Amino acid sequence: MAAKFKAPRGTFDVLPEQQPVRRRIERTAREMLEAAGYGRIDTPVFEDTELFARSVGESTDIVQKQMFTFEDQGGRSLTLRPEATASLCRAYLEHGMHKRAQPVKLWASGPFFRHERPQAGRYRQFSQIDVEVIGSDSPLVDAELIVLLHDLLAELGVEGVRLRLGSLGSPGARLAYLEELRAYLRSHERDLSKEVRERIEVNPLRAFDADHEGTRKVMAEAPTMLDHLGDEDAEHFATVRKLLEREGVAYDLDPTLVRGLDYYTRTVFEFECERLGTQSGLGGGGRYDGLIEQLGGQPTPANGWALGVERVALALGEEGRAPAALVFIVAEGEARDRALALATELRRAGLAADLDLGDRAVKGQMKQADRVGARYALILEDGGAPVLRDMRSGEQREIEPGRLAEELMRGRSEDARGLREEPPVS
Ligand code: AMP
């Protein structure tokens, strides 16, 4: 019979065997970020709607079409967070973090929500690892953030990664540039596609992404933002590039890089993976020097990135396996009652122990031990001494009950990776 209920459109369940790869991504990120001085922060999954409207930008797709917005019992408008930066900036201001040593380095991870058209790699609930550095305009911050994301992807083993790098300059220079670009497009209107022509006023930058032959010819000669940076912005960007080159981070300079949020200034970047098809963005971010002030704080430069956990998992394409038990207790007859007591004792000693809860015969229990990937089976029989079976070699020996935990510990440390950790990347 078909199930009556299904997970809502654009959402998914993460089954036990799908957990290891996600856990590895999160653990690697945590270790790397905390070693680099980033402190974990958790914020609510919903915020005042106004926070996102003001930060992400009223005119963006996210705010116009993609927010899950609802009214609470008190008539307040709340929104499930579509991204993390706004929440972290709100927390920075709310907790007076400007009084701490600057910059403040934060990281977060958890679910985000956007009402998008679902497809492979694009969901309505997805997970991000998010990093923000608030309170410094140094190009060192830009470089550190990009190097960290680069190294994280390399450590995870993601292949076919490309970094696109650009600079949007300051808001003033950007506005002036967009005006110039519009004028240029208008003067070549006849050669442009209908679609691009209709979007000259709203979003002239999209013209750079067009497939249309005539448009492409026009855009090859079009003015770019990188040629219109002010002196300070140009110098800042040159330093970021120099630092990346020194760290051996390869990038493609992309004067047309547009990101879907309004608040970006200066450095912007995006890591893509060719294996992912149309939804190729793994993660990205950039500077947002005006945002904190826009949210009511003092002018405070900041920078950050977000990495999509599902996209990384897709790019890795790892076969999952549920975490294995160290020992599976196989018991027969009277000994069945002892099995739970023993499992409890081992669990209290910090060992991963499992037992038959399915009323199986001994043969079925051995099969189950194999199925759950147990390193050992501990066989309890009425009256006799327990027998420990090495599930890999098949070797069996009697064991003194008092020495059981110790024996198992030894097996665990010899083989810690294969047992409690996720399997290595294939
Ligand atoms: P953004 O906040 O739009 O810059 O997104 C940062 C990263 O989050 C992207 O590169 C994707 O990896 C991931 N991401 C964004 N939106 C979605 C979505 N709807 N479904 C899955 N991943 C997403």
Review point. Using beta carbons and a limit of 7 Å, which pairs, at least six apart or on different chains, have the first residue in the stretch 283-295 and closer than 10 Å to T265 by Cα and the second one within 9 Å of the ligand (Cβ to nearest atom)?
Key: G286/R259; Y288/T85
Exercise for review: Give G172, G166 a once-over and let me know the one that is modelled with pLDDT of 90 or more and under 34 Å from the mean Cα position of the chain (by Cα).
Suggested key: G166
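Determine which member of the set D130, D142 is in a helix (DSSP H, G or I), crowded, with 17+ Cβ neighbours inside 10 Å and of a type outside the set (A, V, I, L, M, F, W, C).
Details: D130 fails: in a helix (DSSP H, G or I).
Exactly one of D130, D142 is in a helix (DSSP H, G or I), crowded, with 17+ Cβ neighbours inside 10 Å and of a type outside the set (A, V, I, L, M, F, W, C), namely D142.
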Exercise for review: Go through the stretch 293-329 residue by residue and tally those that are closer than 30 Å to P171 by Cα and either more than 9 Å from the ligand (Cβ to nearest atom) or not aliphatic (A, V, I, L, M) (or both).
Suggested key: 14
Practice item. Would you please name the residue that is nearest to T85 (Cα to Cα), looking only at residues in the stretch 260-275 that are in a loop (DSSP other than H, G, I, E, B) and within 8 Å of the ligand (Cβ to nearest atom)? Key: L261
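Quick check on R246: is it farther than 30 Å from R90 by Cβ, more than 16 Å from the ligand (Cβ to nearest atom) and without any contact (Cβ under 8 Å) to a residue 60 or more places away in the chain? Talk me through it step by step, then tell me what you get.
Values: farther than 30 Å from R90 by Cβ: yes; more than 16 Å from the ligand (Cβ to nearest atom): yes; without any contact (Cβ under 8 Å) to a residue 60 or more places away in the chain: yes.
Yes, satisfied.
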Exercise for review: Please find, among T278, T215, the residue that is among the hydroxyl-bearing types (S, T, Y) and within 13 Å of the ligand (Cβ to nearest atom).
Suggested key: T278
Check your understanding: Out of curiosity, is F237 within 16 Å of the ligand (Cβ to nearest atom), at pLDDT 95 or above and out of contact with any Pro (no Cβ under 7 Å at 6 or more places or on another chain)?
Key -> no
Review point. Would you say L342 is surrounded by fewer than 22 Cβ atoms within 10 Å (Cβ to Cβ), in a loop (DSSP other than H, G, I, E, B) and either in contact with a Gly (Cβ under 7 Å, 6 or more places away or on another chain) or not β-branched (V, I, T) (or both)?
Key: no
Point to revise | Output for the stretch 1-27, where each listed residue is touching a helix residue (DSSP H, G or I) at 6+ places or on another chain (Cβ under 8 Å) and either more than 16 Å from the ligand (Cβ to nearest atom) or among the charged types (D, E, K, R) (or both) | key: R22, R24, E26
Point to revise | the stretch 48-104, residues that are among the small types (G, A, S) and touching a helix residue (DSSP H, G or I) at 6+ places or on another chain (Cβ under 9 Å) | key: A53, S55, G57, S77, A86, S87, A91
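Mind telling me which of the residues G350, G290 ends up being more than 13 Å from the ligand (Cβ to nearest atom), surrounded by fewer than 17 Cβ atoms within 10 Å (Cβ to Cβ) and either of a type outside the set (A, V, I, L, M, F, W, C) or within 16 Å of the chain's Cα centre (by Cα) (or both)?
Values: G290 fails: surrounded by fewer than 17 Cβ atoms within 10 Å (Cβ to Cβ).
Being more than 13 Å from the ligand (Cβ to nearest atom), surrounded by fewer than 17 Cβ atoms within 10 Å (Cβ to Cβ) and either of a type outside the set (A, V, I, L, M, F, W, C) or within 16 Å of the chain's Cα centre (by Cα) (or both) holds for just one of G350, G290, which is G350.
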Check your understanding: Restricting attention to the stretch 92-112, does a residue exist that is within 11 Å of the ligand (Cβ to nearest atom) and assigned to a loop (DSSP other than H, G, I, E, B)?
Key -> no
Review point. Any idea which residue in the stretch 204-243 is nearest to T256 (Cα to Cα), counting only those that are within 29 Å of the chain's Cα centre (by Cα) and without any contact (Cβ under 8 Å) to a residue 12 or more places away in the chain?
Key: A238
Check your understanding: When F5 is evaluated against the numbered criteria (1) over 19 Å from Q128 (Cα atoms); (2) surrounded by 17 or more Cβ atoms within 10 Å (Cβ to Cβ); (3) hydrophobic (A, V, I, L, M, F, W, C), which criterion, by number, is the only one it fails?
Key -> (2)
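Scan the stretch 45-91 for residues that are of a type in the set (S, T, N, Q), within 16 Å of the ligand (Cβ to nearest atom) and more than 19 Å from W305 (Cα to Cα) and jot them down.
S59, Q64, Q66, T79
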Check your understanding: Scanning for something part of a helix (DSSP H, G or I), more than 30 Å from L152 (Cβ to Cβ) and at pLDDT 90 or above, does the stretch 242-250 turn up at least one residue?
Key -> no
Study note, to complete from the structure: Contact list, first residue from the stretch 59-76 and modelled with pLDDT of 90 or more, second anywhere and polar (S, T, N, Q), beta-carbon distance below 6 Å, six or more apart or interchain, is M67/T79; T69/T49; T69/T79; E71/S77
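It is to be established whether one or more residues within the stretch 178-190 are at negative phi, out of contact with any strand residue (DSSP E or B) (no Cβ under 6 Å at 6 or more places or on another chain) and not in a helix (DSSP H, G or I).
Keep residues of the stretch 178-190 that are at negative phi, which gives 178-190.
Add one more test, that the residue is out of contact with any strand residue (DSSP E or B) (no Cβ under 6 Å at 6 or more places or on another chain), and what stays is 178-190.
In the following step, the residues that additionally are not in a helix (DSSP H, G or I) were identified as 188.
Yes.
Please tell me if E83 is among the acidic types (D, E) and in contact (Cβ under 8 Å) with a residue 60 or more places away in the chain. Steps first, answer last, please.
Values: among the acidic types (D, E): yes; in contact (Cβ under 8 Å) with a residue 60 or more places away in the chain: yes.
Yes; evaluated as a whole, the condition is true for this residue.
The values are calculated or read from the model by the stated rules, or taken from the named source; none is laboratory data. Predicted model only: the values in this text are computed from it and were never measured. Cβ: placed from backbone, ideal geometry, glycine included. Neighbour counts: every protein chain shown.
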